[in-house]
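Enquirer: My questions all concern the structure below.
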Amino acid sequence: KIILLKMTDLKIVMWNCGGLKATTSSTPHKMGAFDKNFPNASFDIAAFVETHHKDESECPDLIQEYKVSHNCLHTPAIPEDKYAGIVILIRKNLVIRNPTILIQGRFLNFSIELPQGNFLYNISVLYGQNKINQTLVSENMTNFYSKHNIEDNNIILGDFNFCQQVIDRDSTTLHHYDKLWCKPWEKFCSDLNLVDPYRIQYPERKVYSFLS
């Protein structure tokens, strides 16, 4: 599933690519599909999660080509979490401030300054843990609160691996790990006045890109 967020100032793309290593046979097809949707690198920020890459050299050729027009931030997977990994491309006319890896392969925060200056977006990208417990939820929330406050222009991207509403599930109830997240996440969104732009635009639409 590719999610595109259009804003007055920025075009932002987030994609859980399910693996993007250069040596994987499916990677050329995935990158070809991405390039078809966004020809000539027609995005300001692209966040790829679940990349599985162990270091930057494992990124596919197209990612390397994008570095002509975009800077690259990344946090690779580690041996004990080999299916993680985040790669973020940021157009070079945007100034990157304070990039910070909060959880290796899972959680990255940075700010960008628009070319006209004096306006910052505070951005976090999360690839949520697949096997969640209350301790991990608390760790993630502590990281969010350490990097975001209501005075910021906050953007939160990623595949969180939980749902907040039943409408986003292929079932009639939330999963147990959804329920672990719900109250802390609701409080965070309330504290920072965050909204889900997809649900605002499509309040009743049901669509799933992964069925287990």
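Enquirer: A 32 angstrom limit on the alpha carbon distance is what I want to check against. Which of Lys21/Lys183; Lys21/Lys187; Lys30/Lys187; Lys131/Lys206; Lys36/Lys82; Lys54/Lys183 exceed it?
Expert: Exceeds cut-off: Lys21/Lys183; Lys21/Lys187; Lys30/Lys187; Lys54/Lys183.
Enquirer: With a 1.4 Å probe and every protein chain left in place, work out the accessible area per residue of the stretch 142-187 in Å², rounded to a whole number.
Expert: Values: 2610 Å² over 46 residues.
On a per-residue basis, 57 Å².
Enquirer: Let me ask something else. Restricting the calculation to Cα positions, tell me the Rg (one decimal) and the Dmax (whole number) of the stretch 1-105 in Å.
Expert: 13.1, 40
Enquirer: Based solely on C-alpha atoms, express the radius of gyration and the Dmax of the stretch 5-46 in angstrom.
Expert: 11.7, 37
Enquirer: Roughly speaking, what is the centre-to-centre gap between the stretch 114-147 and the stretch 51-106 when only Cα atoms are used, to the nearest Å?
Expert: Centre-to-centre (Cα) distance: 16 Å.
Enquirer: Another question about this same structure. With the other protein chains left in place, how much accessible area per residue, in square angstrom, belongs to the stretch 1-115 at a 1.4 angstrom probe?
Expert: Heavy-atom accessible area per residue stands at 46 Å².
Enquirer: In the chain, what percentage of the DSSP-assigned beta bridges are antiparallel, given to the nearest 5?
Expert: That works out to approximately 75 percent antiparallel.
Enquirer: Follow-up question, since we're still on this one. Per the 1.4 Å probe, what fraction of the accessible area of the stretch 1-128, in percent, lies on carbon and sulfur atoms?
Expert: 51 percent
The values are calculated or read from the model by the stated rules, or taken from the named source; none is laboratory data. Being a predicted model, the structure only gives us computed values, none of them experimental. To get the accessible areas, we keep the full protein, side chains included, count just its heavy atoms, and leave off ligands, DNA and RNA. Shrake-Rupley method; radii C 1.70, N 1.55, O 1.52, S 1.80 Å.
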